[in-house]
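The values are calculated or read from the model by the stated rules, or taken from the named source; none is laboratory data. Being a predicted model, the structure only gives us computed values, none of them experimental. Because the Cβ atoms are built from the backbone with ideal geometry, glycine has one as well, and the counts that use them run over all protein chains shown. With ligands, DNA and RNA removed, areas are computed over all heavy atoms of the protein, side chains included. Shrake-Rupley method; radii C 1.70, N 1.55, O 1.52, S 1.80 Å.
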Amino acid sequence: MTAYDWIETALNTVHKAHWYRSLKTITRPGSTVSLQGKLVSNFASNDYLGLAGDPRLAEAAIAAIQTWGTGSTGSRLVSGHRPIHEALESAIASWKQTEAAIVYSSGYLANLGTITALVNRRDLILADTYNHASLKQGARLSGATVYEFDHVNMAQLQAQLAAHRSEYRRCLLLSDSVFSMDGDLCPLPQLIALAQDYECMLLIDEAHGTGVLGETGAGCVEHFGCRDAVLIQMGTLSKALGSLGGYVAGSAALIDYLRNRSSSWIYTTGLSPADTAAALAAVKIIREGGGLRSQLWQRVTQLKQALTTQLSPPEKQTGMRLLPSESPILCVQMSTPTAVLQASQQLLDQGIFAPAIRPPTVPTSRLRLSLMATHQPEQIEQLAAALAKLQS
Ligand SMILES: *Cc1c(COP(=O)(O)O)cnc(C)c1O
């Protein structure tokens, strides 16, 4: 017996519960990828605009490495702050129309570091139950009292506020803007109104909204016309922006406070020059327009129309159903985890990579399809036809 034997036992338990996960190797970015050596259409990427493989981002990253080196060599407050960090933070603030922004080494760290800086044991957090793991983890780590409300249930949130808000000092509301495993949107105008009525801070996670939603791609806040509201907008540089890192945008005071009190920003090395430059290039490309976003939405419309006509009506009881979505994430719900695993494998055999998402990650099993601006219309047609065939 050794002190580490329990690890094998724990892994066996994971296996027995069919929760074991393993890595799949993909050898290049894009809408067609090589997966375990086989070329497939990729419907599993967060690279909505195809920018992770864009030569303009690669050039910017290479130039930044040549100018500033591969590493930032220190934390931002000590020796790791470069002009490119400032340029990216200004570009994000200007895009989001906020006074300031701060970039973290990942979106996950941005959520942990922001939530734990804003609230503690004396405070209250109210959060959508479908929120991303990093929001949940941040809430737990903060030591605040946490209540979850049912997904997008504003009546329940209001009842929780009425019952508990007055017992606490500060209150922070947390919600994804685009829910990553469903593709629907948070009811942002109602969240803002409730935050105002009950004197709460509101943090919106735009990981899947940034670059995708809104007139200039600034996200869900722009989409709903809520840019004048006082908000904490966070997001990632790793999805539509094709790079790595996270950000928080908001008032100058908020950002200044985070620079002084957010551990996951203070006690870690500054974002690498290459990641910073690639993200900055992405923000510029998206703000210039250029049609990538409209191309993405054309693909979304094409797949939605195809699935609406090709999936059997619910009365036929095939169990396959397109979940409501207002984003490039479209989910086809299926009756059981086994059915969805089989479907994912059958699609893979036909050259389509569409991951199966199962409980406990989500309440019901589904194929999660994410679209990219760089998908060809034929790839969408092939996907819709393959999904329709699964029902027969
Ligand atoms: C991906 C994601 C994050 C984490 O961002 P990373 O930069 O990948 O760490 C946070 N929130 C949501 C909703 C996400 O989908």
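Structure notes:
- Where only DSSP H runs of four or more residues are counted, the chain gives -12500 deg cm²/dmol as its mean residue ellipticity at 222 nm, each run worth -39500 (n - 2.57).
- Order of exposure, largest accessible area first, which applies to Phe353, Phe43, Phe224 with probe 1.4 Å: Phe224, Phe353, Phe43
- Ranked order, Met154, Met1, Met372, Met201 - accessible area, probe 1.4 Å, largest first: Met1, Met201, Met154, Met372
- Residue with peak Gaussian network fluctuation, the chain [Cα springs, cutoff 10 Å], from Asp197, Asp256, Asp205: Asp197
- Top of Tyr267, Tyr130, Tyr247 by mean-square fluctuation, Gaussian network on the chain, Cα under 10 Å: Tyr267
- Cα shape, region 315-358, gyration tensor, a/c 1.5 rule: oblate
- Whole-percent carbon and sulfur share, accessible surface of region 290-390, 1.4 Å: 54
- Centroid-to-centroid separation of region 339-392 and region 82-147 [C-alpha atoms, Å]: 32
- Relative contact order, percent, the chain [alpha-carbon distance under 8 Å, six or more residues apart]: 22
- Residue-normalised accessible area of region 290-390, expressed per residue, 1.4 Å probe, Å²: 45
- Across region 178-193, rounded Karplus estimates of 3J(HN,Hα) from the backbone phi angles (6.51 cos²θ - 1.76 cosθ + 1.60, θ = phi - 60°) give 10, 7, 5, 9, 10, x, 8, 10, 6, x, 4, x, 5, 4, 5, 5 Hz, Gly and Pro being marked x.
- Gyration tensor (alpha-carbon) shape descriptor, the chain, a/c threshold 1.5: rounded
- Cα shape, region 1-135, gyration tensor, a/c 1.5 rule: oblate
- Per residue solvent-accessible surface (Å²) - region 55-288, probe of 1.4 Å: 39
- Of Leu241, Leu194, Leu174, the residue with the greatest mean-square motion in the GNM of the chain, using alpha carbon springs below 10 Å, is Leu194.
- Cysteines without a disulfide-compatible neighbour (Cβ-Cβ under 4.7 Å), the chain: Cys186, Cys220, Cys226, Cys331
- A 1.4 Å probe over all protein chains sorts His208, His18, His132 by accessible area into His18, His132, His208, starting with the largest.
- 3J(HN,Hα) along region 321-335: 8, 7, 6, x, 8, 10, 8, x, 9, 10, 10, 9, 6, 10, 6 Hz, from the Karplus curve 6.51 cos²θ - 1.76 cosθ + 1.60 with θ = phi - 60°, whole Hz, x for Gly and Pro.
- 5 angstrom amide H check on Val146, placed H, neighbours 5+ away: Ile125
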